[in-house]
Amino acid sequence: MTRFRLLACGALLFVFTGCATPPRDPASLAAFKAVNDPLEPLNRKTFAFNQRVDRFVLKPIAKGYRWAIPPAMPTR
């Protein structure tokens, strides 16, 4: 049974790695770029902004909240 699992995992890994690279054929590459996400630069900037807000605003507020609010009482 373990050989079957190992073989199945290897086959899935082999199949999924084919999706990770863009095509090398010029026509296929042009089609790939045509359907690629045009908003990717905006998405990356939005993600970076959200990370900074989380780090410098929301995390200190959460730490202050944890400091100010006592822990819950255990129930019997």
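For segment 9-56, the tally of residues that are over 19 Å from the mean Cα position of the chain (by Cα), surrounded by 10 or more Cβ atoms within 10 Å (Cβ to Cβ) and part of a helix (DSSP H, G or I) stands at 10. All conditions but one from (1) charged (D, E, K, R); (2) modelled with pLDDT under 90; (3) surrounded by 10 or more Cβ atoms within 10 Å (Cβ to Cβ) apply to residue 63; the one that does not is (2).
The values are calculated or read from the model by the stated rules, or taken from the named source; none is laboratory data. Note that this is a predicted model, so its numbers are computed, not measured. Cβ atoms come from the backbone with ideal geometry, glycine included; neighbour counts cover every protein chain shown.
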